[in-house]
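Report on one structure; see the data block that follows.
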Amino acid sequence: SQELEQSPQSLIVQEGKNLTINCTSSKTLYGLYWYKQKYGEGLIFLMMLQKGGEEKSHEKITAKLDEKKQQSSLHITASQPSHAGIYLCGADNRNTPLVFGKGTRLSVIA
Amino acid sequence: GAGVSQSPSNKVTEKGKDVELRCDPISGHTALYWYRQSLGQGLEFLIYFQGNSAPDKSGLPSDRFSAERTGGSVSTLTIQRTQQEDSAVYLCASSWTSGSLNTQYFGPGTRLTVL
């Protein structure tokens, strides 16, 4: 079965610093989703990657999918308090129910 | 338009009671999913509906859990004889259709606490 491992589990960064979150799949990915979750709220869709080597950006967040389609990274440039939350990657392995990693908890301190 | 809505936002119940959680998907979305998020765990798939097809119940943890979707829109997840291990955030999501590469949009969740 598909498994996703995220690293690190938690991350504390100073405001203005860059950071990277990784998501590694046990199988080749058909598609990979990134979501953000704030405490007490649902998941907010960030980006979806499908093609090997694909890279997408939204504001200061960039997500990449490696050529082998087994690893994705999420990079935040010049982090702000608004970036704090839990980042989850979800695998689309041609089965409709997404398989999610356990998440990375990001804290941004002033 | 409006996103996915869920009610109640919080539910506290006593062990052994039945609870109903409601999900109202994005208008026009034919696929609806229920997930559970427990402390320290990732998101766990429970059940999904696609149009008028029979739901995929493969993720339901026990026969105490059931869900229905009326008129292809609103869905209700029912947990009978709740147990403390049922305490979790229950998340609903919808997408335009099921199948790959259809982005799922999530509601805010219902936080269930079983005392």
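The values are calculated or read from the model by the stated rules, or taken from the named source; none is laboratory data. Nothing here was measured: the structure is a model prediction, and the numbers come from that model. No Cβ is skipped: glycine too gets one built from the backbone with ideal geometry, and neighbour counts run over all protein chains shown. Each accessible area value is taken on the protein alone, full model and side chains, heavy atoms only, with ligands, DNA and RNA left out. Shrake-Rupley method; radii C 1.70, N 1.55, O 1.52, S 1.80 Å.
Within the stretch B:39-55, the only residue that satisfies the criterion of being assigned to a loop (DSSP other than H, G, I, E, B) and open to solvent by less than 30 Å² (accessible area, probe 1.4 Å) is B:G42.
Could you list all residues from the stretch A:20-47 that are facing another protein chain (nearest Cβ under 8 Å) and in contact (Cβ under 8 Å) with a residue 24 or more places away in the chain? Within the stretch A:20-47, A:Y30, A:G31, A:Y33, A:Y35, A:L43 meet the criteria.
Scanning for something open to solvent by less than 20 Å² (accessible area, probe 1.4 Å), free of Cβ contacts under 8 Å to residues at least 40 places away in the same chain and either over 11 Å from the mean Cα position of the chain (by Cα) or closer than 21 Å to A:D92 by Cα (or both), does the stretch B:8-23 turn up at least one residue? Scanning the stretch B:8-23 turns up no residue that is open to solvent by less than 20 Å² (accessible area, probe 1.4 Å), free of Cβ contacts under 8 Å to residues at least 40 places away in the same chain and either over 11 Å from the mean Cα position of the chain (by Cα) or closer than 21 Å to A:D92 by Cα (or both). Screening the stretch B:56-115 for residues that are away from chain A (no Cβ under 14 Å) and of a type in the set (D, E, K, R) and picking the one that is least open to solvent (accessible area, probe 1.4 Å) gives B:D86. When the residues of the stretch B:27-44 are filtered to those that are hydrophobic (A, V, I, L, M, F, W, C) and out of contact with any Phe, Trp or Tyr (no Cβ under 6 Å at 6 or more places or on another chain), the one that is modelled with the highest pLDDT is B:W34.
Going through A:S1, A:S82, A:S57 one at a time, which residue ends up being of a type in the set (G, A, S), more than 13 Å from every other protein chain (Cβ to nearest Cβ), farther than 18 Å from B:T103 by Cα and open to solvent by 10 Å² or more (accessible area, probe 1.4 Å)? Step through it out loud before you land on a result.
Values: A:S1 fails: more than 13 Å from every other protein chain (Cβ to nearest Cβ); A:S57 fails: farther than 18 Å from B:T103 by Cα.
So the residue among A:S1, A:S82, A:S57 that is of a type in the set (G, A, S), more than 13 Å from every other protein chain (Cβ to nearest Cβ), farther than 18 Å from B:T103 by Cα and open to solvent by 10 Å² or more (accessible area, probe 1.4 Å) is A:S82.
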